[in-house]
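Colleague: Here it is, the structure, as structure tokens.
Read-outs: derived from the displayed coordinates by stated rules, not from any lab. Keep in mind it's a predicted model, so treat the numbers as computed, not measured. Counting neighbours? That spans all protein chains shown, and the Cβs are built from the backbone with ideal geometry, glycine included.
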Amino acid sequence: MAQIHPVSGKKNGKKSKKQFPFPMKLSFKNVVIGLFILFFTFSLLGSLSNQAAQSEAKPLSKVIADVREGAVKTIDIEDTKLTVTRKDDTTYTSTKESQDSLVTLLEKSGVDPKSVEINVKDLSAGAIWMGIIANVLPLVLTVAFFLFIFRQARGAQDNIFQFGQSKARIWNKDLPKVTFKDVAGVDEAKKELEEVVDFLKNPAKYKLLGARTPKGVILVGPSGTGKTLLAKAMAGEARTAFYSIAGSEFMEMLVGVGAARVRDLFAQAKKSAPAIIFIDEIDAIGRMRSVGVMGGHDEREQTLNQILVEMDGFEPSTAVLIVAATNRGDLLDPALTRPGRFDRRVVLDLPDLEGRKDILKIHAQGKPFDKGVDWDKVAKRTVGFSGADIENMLNEAAIHAARGAKKEIDMKDIEEAATKVKLGPEKKRLQTDLDRKMTAYHEAGHAIVNYYSPHLDPVHRISIVSRGMALGYTMAPPEKDRLHETKSRLIDEMAMTMGGRAAEQLIFKEMTSGASNDINQATRIARYMVMEFGMSDLGPINFGPQTDATEWGKAFYEQQTISQEMQSAIDREVKKFLDTAYEKALELVKKHRKDLDKVAEELIKKETLEGDDFVALLGGDKKRL
């Protein structure tokens, strides 16, 4: 391969013909800057040359003395500058006043001017041009400077008038087309949107029965469930104009810009009707009004008001559909979500078992998988994964396989990718033997309590390899999609989270900070049981907040309905649940101390135990009650 010399630019000893282009472009601004630099440079050089000449020039008396002595051959006169050439061929310079004549000065000094040759150079033409340049060039530069300022001001003015124009992107047919076939795991939502698209494609058959096109559809669901993907599928399926914009793009630093952009967006959509407008993350501008510290003249509220007016002001014949997406549907203003504006509310949940299978089929396309991959097992393994999590998992599996120089992706790659998506990558931290032993018994405690608790799902994997912020982990994902939680199962769940602390207490007679996340998780479950699920002795009462706590303004002004005595009672019930769970965990690890030691020792040796190896270590699967 040819080597290029870093300095001379020679290739293999030969001169390279590659030329680097001059980076400056020819524009009005660059021309003005160039003229200014040239004028400044010439002025500076002229000033420096005059100063240098004056500093080296000899006095006029020296010239007169040399002429009197007959030592001068010629004198050349250039305005005020005198160049004296002596008979020994040496030269020097001198100066005189511009109004004085050298001949007159010599005569007054008693020197015969004819004794020396005097040459006068005519500089009138050059002086005229220099005078013109000196007078005209500053004027040209001044005019050019003001023209440049005016052009900049005009551009800024044009930008100001463009603030109110919508920034919505019109769907480009050249982009990769996404259809409803590319969406899985949200069958109910897909059917709703397919029907809406059919409204726009074939309005006649619905008008025949007196049905009108829905004005708006709002997609609500957790992040990663496919809201934006469904909107892209609508754009790919609908043979209509499709405008896409984010809720935050309406807002600007200037007051009234958001409302102006809303008006411009709807005006464009009406001209190209039938059309679809997709507003992603609409909660950025659609939150409840007049509940915060700001009053009703907030810029966000003015934008929301304009959207309400535009949506409710459609003529029946105007076929413009609004599709909005948010993962915070509880924060939206009721006036925005009522029928007549958003007629349909489509809720997207995490995919179930069949939905995950369909999603796996879609994202597995184009990737080589080993024939031994059990997709049913993968679908069961990914309970709680969103569509985005599954796509990311398969991508990470492909990366893991490529890193291992494999030609196909196998189950080990998928398992590692699923763990990485949920917990993060492995971290080979340097731990002391005592730290490893503490972590091993901690995770073994979780596993033993899980194994002997009848209402919990089986252990999938135990590891003392650090991932993310955790020094170790015990995974027990649900075997099936669960819609209801029972009190018995929640108590067993809290006991399992307390199993690590119970094992530490039993083995080391000490408490460590490793159980902080477990305590936090158990406390959260206990509070849900008391305050929202009504599973405590206080009865079926909801003590939770009546509004979302993140809506700070409303939560701040809302009156508290729980007395101090009742709050104390709630705290006692929460503590009772936590004490019950911890006592159960401690009882189980004491009763099965030998099993606890087996699992901990095996973890210290192997670092990771799969579910089947864990069950085999304890003598085989037990009959769950």
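Colleague: Can you work out ³J(HN,Hα) from phi for every residue in segment 480-497, in order, using Karplus 6.51 cos²θ - 1.76 cosθ + 1.60 and θ = phi - 60°, giving whole Hz and x for Gly and Pro?
Modeller: 9, 5, 10, 9, 10, 10, 9, 5, 5, 5, 5, 5, 5, 4, 5, 5, 4, 5
Colleague: Moving on to the next point. When the dipole is taken about the Cα centre of segment 366-467, and only Lys, Arg (+1) and Asp, Glu (-1) are charged at their Cβ, what size is it in debye, to the nearest 20?
Modeller: Numbers: 18 positive and 16 negative charges, 58 e Å.
Charge dipole of segment 366-467: 280 debye, to the nearest 20.
Colleague: Please express the Cα-Cα pair-distance distribution P(r) of segment 353-423 as a list of whole percents, one per 10 Å bin, running from 0 to the bin with the greatest distance.
Modeller: P(r) over segment 353-423, rounded to whole percents: 21, 62, 16, 0.
Colleague: Quick one: putting +1 on the C-beta of Lys and Arg, -1 on the C-beta of Asp and Glu, what dipole do you get for segment 58-121 around its Cα centre, in Debye to the nearest 20?
Modeller: Computed charge dipole of segment 58-121: roughly 100 debye.
Colleague: Here is a follow-up. Give me the distance in nm between label points sitting 7 Å out from Cα along the Cα-to-Cβ direction at Gln521 and Ile37, one decimal.
Modeller: Result for the modelled spin labels: 6.5 nm.
Colleague: Which loop trypsin sites (Lys or Arg not before Pro) in segment 371-409, with loop taken from DSSP, have no more than 15 other Cβ atoms within 10 angstrom of their Cβ?
Modeller: Within segment 371-409, the qualifying trypsin sites (Lys or Arg not before Pro) (loop, at most 15 other Cβ atoms within 10 Å) are Lys371, Lys406, Lys407.
Colleague: Suppose every Lys and Arg Cβ carries +1 and every Asp and Glu Cβ carries -1, with no other charges. What dipole size does segment 426-617 come out with about its Cα centre, to the nearest 20 debye?
Modeller: The dipole magnitude comes to about 440 debye.
Colleague: Assuming 0.36 nm per residue, please report the length gained on full extension of the stretch Lys487 to Gln365 beyond their Cα-Cα distance.
Modeller: Between Lys487 and Gln365, full extension yields an extra 39.7 nm.
Colleague: Using Cα positions and a limit of under 14 Å, work out the aspartates and glutamates in reach of Lys232, with same-chain residues fewer than 8 apart set aside.
Modeller: Cα-Cα hits under 14 Å: Asp174, Asp182, Glu194, Asp280.
Colleague: Quick check on my link table: of Lys227/Lys480; Lys428/Lys576; Lys181/Lys207; Lys191/Lys270; Lys357/Lys575; Lys367/Lys437, which ones sit more than 31 Å apart, alpha carbon to alpha carbon?
Modeller: Where the Cα-Cα span goes over 31 Å, the pairs concerned are Lys428/Lys576; Lys357/Lys575; Lys367/Lys437.
Colleague: Return the sequence-ordered ³J(HN,Hα) values of segment 465-476 in whole Hz as given by the Karplus equation 6.51 cos²θ - 1.76 cosθ + 1.60 applied to θ = phi - 60°, using x for Gly and Pro.
Modeller: 7, 5, 9, x, 9, 9, 7, x, 7, 10, 9, 9
Colleague: Karplus couplings for segment 262-279 from phi (6.51 cos²θ - 1.76 cosθ + 1.60, θ = phi - 60°), rounded to Hz, Gly and Pro as x?
Modeller: With the stated coefficients, segment 262-279 comes to 4, 4, 5, 5, 5, 5, 5, 5, 5, 5, 9, 4, x, 8, 10, 10, 10, 10 Hz.
Colleague: Something else now. What spacing in nm lies between the two simple spin-label points modelled at Thr561 and Asp100, each 7 Å away from Cα in the Cβ direction?
Modeller: 10.8
Colleague: To make sure I understand, if each residue's beta carbon is the centre and we count other beta carbons within 10 Å, what order do Asp198, Asp66 fall in, fewest to most?
Modeller: Working: Asp198 14, Asp66 20.
In order of increasing Cβ crowding within 10 Å: Asp198, Asp66.
Colleague: Picking from Asn517, Val421, Pro540, whose Cα lies most toward the positive end of the charge dipole for segment 404-543 (charges on Cβ: Lys, Arg +1; Asp, Glu -1)?
Modeller: Farthest along the dipole direction, towards plus: Val421.
Colleague: If R₀ is 30 angstrom, what is the calculated FRET efficiency for the pair Ala65 and Asn135, using the beta carbon separation as r and rounding to 0.05?
Modeller: 0.15
Colleague: Shifting gears a bit: Within 10 Å of each candidate Cβ there may be at most 12 other Cβ atoms; applying that plus a DSSP loop requirement, which trypsin sites (Lys or Arg not before Pro) in segment 499-537 survive?
Modeller: Lys509
Colleague: Right, here's the next one. For Phe369, which sequence-distant residues (separation of 5 or more, or a different chain) have an amide H within less than 5 Å of its own amide H, given hydrogens modelled in the peptide plane?
Modeller: Ile409
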